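Asker: Provided herewith is a single structure, encoded as structure tokens, for subsequent inquiry.
The values are calculated or read from the model by the stated rules, or taken from the named source; none is laboratory data. Because the structure is predicted, anything quoted here is derived from the model rather than measured. Virtual Cβ from ideal backbone geometry, glycine too; neighbours counted across all protein chains shown. Side chains included, ligands, DNA and RNA excluded: accessible areas come from the protein's heavy atoms. Shrake-Rupley method; radii C 1.70, N 1.55, O 1.52, S 1.80 Å.
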Amino acid sequence: MNAEFEKLMNPGHLEIVNLHQCFGGVMGFYRHDSTETRCSMRFSVFVPPLALKQQVPVVYYLAGLTCTEETFMIKAGAQRIAAELGIMLVSPDTSPRGVPLPGDTDSWDFGVGAGFYLDATEEPWSRHYRMYSYVARELPKLIEGNFPVDASRMGIFGHSMGGHGALTIALKHPELFQSVSAFAPISAPMRAQWGEKAFSRYLGKDRETWKAYDATELVTRIKDPRSRPPILIDQGLSDPFLDQQLHPQLFEEACRKTNYPLTLRRHTGYDHGYYFISTFMEDHLRHHARTLTRLP
């Protein structure tokens, strides 16, 4: 690693887990103490070579159930095109860890690895499970304060549970995120078993409070949808979770009724995993780049 990059990737306020040279840039994994989750959190950053010369736009990726801050960076094949486009990539972990709570490891779709990118209001989850505020507030400030990023050019995308998180956070924070996309998102979690299980435990039994974290509900509240960034969604038609958990058609119909700009692409033969994601990764990064880097 050259001396310039070594200095760039060693911010004083973060614990370095490891660093790797990658496509002319550097792949870094970090740990820090979070004020939102009140525990140690991990995240990963790909810094493109252009960052040695100037501030670059950043796109946040939110991973799905059971994943970590490593999953996207290892499996998605995103660094090559991000290096070409001059885009920084950031991926946080999917939940707090190291804070044992009753039942947090009893199932794969709730608790550890399944933070659902919301701020829990029910005990004991409300003490640590604040992934919404962590992603929307704390992490962007941390990245801005430690890496050469242009905070006025931020995008967000994700997969499955992370697609749900990306859509809801972008819809609620257009002032922060100028571009958004998703792979096989949980588009209407209030009508999916995964969402009902998580929301009832994290947020309580009042379903009205759930609407703040349901993309299909949120998009119906937008008064001027044509002023918002267009959404790109890719969905595999051989996805085993399509009919029972994801419900992209409900989000599509809500966007149609409100005239929200949505491109929903359905792909025969593709499933829910990272072979599907890596196939269309370049399309998503170029979708973000058209807004964040002003590419045609």
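Asker: Cα centroids of the range 103-123 and the range 216-283: how far apart, whole angstrom?
Answerer: Using only Cα atoms, the two centres lie 24 Å from each other.
Asker: Follow-up question, since we're still on this one. Which entries in the list K75/K205; K53/K223; K75/K223; K172/K205; K211/K257; K141/K205 go over 29 Å, if you measure between the two C-alpha atoms of each? Write down the numbers at each step before the final one.
Answerer: Values: K75/K205 37 Å; K53/K223 40 Å; K75/K223 38 Å; K172/K205 22 Å; K211/K257 18 Å; K141/K205 33 Å.
Going by Cα-Cα distance, K75/K205; K53/K223; K75/K223; K141/K205 fall outside the 29 Å limit.
Asker: So if we plug the beta-carbon distance of N2 and E175 into 1/(1 + (r/R0)^6) with R0 = 41 Å, what FRET efficiency do we get, rounded to 0.05?
Answerer: Numbers: r = 36 Å, r/R0 = 0.89.
Approximately 0.65, to the nearest 0.05.
Asker: Going by Cα centres, the range 18-69 and the range 130-186 are how many Å apart?
Answerer: The range 18-69 and the range 130-186 have Cα centres spaced 13 Å from each other.
Asker: Taking 2.2 N^0.38 Å as the expected size of a compact globular protein, what ratio does the Cα radius of gyration of the range 184-239 give against it, to two decimals? Show your work: numbers first, answer last.
Answerer: Details: Rg = 13.3 Å, N = 56, 2.2 N^0.38 = 10.2 Å.
Ratio of Rg to 2.2 N^0.38 Å for the range 184-239: 1.31.
Asker: What is the spread of the Cα atoms of the range 173-296 along each of their three principal axes, largest first, in whole Å?
Answerer: In descending order, the Cα extents are 46, 36, 25 Å.
Asker: Okay, moving on. Can you pull the one-decimal nm distance between simple spin-label points at R228 and D243, each 7 Å off the Cα toward Cβ?
Answerer: Here the answer is 2.9 nm between the modelled labels.
Asker: Please report the relative contact order for the range 1-119, taking Cα pairs under 8 Å with a sequence separation of at least 6, and give it as a percent rounded to a whole number. Could the numbers behind the result be given before it?
Answerer: Details: 217 pairs, mean separation 27.1, N = 119.
This gives 23 percent for the range 1-119.
Asker: I need the peptides 95-105, 206-216 ranked by packing, meaning the mean over residues of other C-beta atoms within 10 angstrom, with the highest value on top.
Answerer: Working: 95-105: 15.6, 206-216: 18.1.
Sorting 95-105, 206-216 by mean packing, highest first, produces 206-216, 95-105.
Asker: Explain nothing, just the number: relative contact order of the range 97-137, from Cα pairs under 8 Å at least 6 residues apart, as a whole percent. It would help to have the intermediate numbers written out before the result.
Answerer: On the way: 33 pairs, mean separation 12.6, N = 41.
Reported as a whole number, the value is 31 percent.
Asker: May I ask you to list the residues of the range 146-166 whose amide nitrogen lies under 16 Å from a point 7 Å from Cα along the Cα→beta-carbon direction of H13?
Answerer: Under 16 Å, as judged by backbone N against the label point of H13, lie 146-151 of the range 146-166.
Asker: Would you mind telling me the share, in percent, of accessible area of the chain contributed by carbon and sulfur at probe 1.4 angstrom? Show your work: numbers first, answer last.
Answerer: On the way: 5820 of 11970 Å².
Carbon and sulfur atoms account for 49 percent of the accessible area of the chain.
Asker: For the chain, what relative contact order do you get, as a whole percent, if you take Cα pairs closer than 8 Å and at least 6 residues apart? Walk me through the numbers before you get to the answer.
Answerer: Numbers: 643 pairs, mean separation 48.1, N = 296.
Once divided by the residue count of the chain, the mean separation gives 16 percent.
Asker: For the chain, modelled as a GNM with alpha-carbon contacts under 10 angstrom, which of H173, H128, H272 fluctuates the most?
Answerer: Comparing H173, H128, H272 in the GNM, the peak value goes to H173.
Asker: Kyte-Doolittle cut-off 1.0, length cut-off 27 Å along the helix's own axis using Cα: show which whole DSSP H helices in the chain pass.
Answerer: Numbers: long enough: none.
For the chain, where a helix must reach 27 Å along its axis and average at least 1.0, there are no hits.
Asker: Assuming 0.692 mPa s and 37 °C, estimate D for the chain with Stokes-Einstein, Rh taken as the Kirkwood radius over Cα pairs, in µm²/s.
Answerer: Values: Rh = 19.0 Å.
Translational diffusion coefficient: 173 µm²/s.
Asker: Keeping every protein chain present and rolling a 1.4 Å probe, give me the accessible area per residue for the chain in Å².
Answerer: Roughly 40 Å² per residue, with all protein chains present.
Asker: For L237, L262, L167, give the ranking by accessible area with the largest first, probe 1.4 Å. Before the final figure, lay out the partial values.
Answerer: On the way: L237 80, L262 45, L167 0 Å².
Putting L237, L262, L167 in descending order of accessible area: L237, L262, L167.
Asker: Specify, per residue and in Å³, the volume enclosed by the convex hull of the alpha carbon atoms belonging to the range 81-151.
Answerer: Working: hull volume 7.8 nm³, N = 71.
Per residue, the Cα convex hull of the range 81-151 comes to 111 Å³.
Asker: Another question about this same structure. By average Cβ neighbour count within 10 Å, what is the ranking of 60-73, 77-90 from highest down? It would help to have the intermediate numbers written out before the result.
Answerer: On the way: 60-73: 23.3, 77-90: 21.3.
My ranking of the peptides, most packed first, is 60-73, 77-90.
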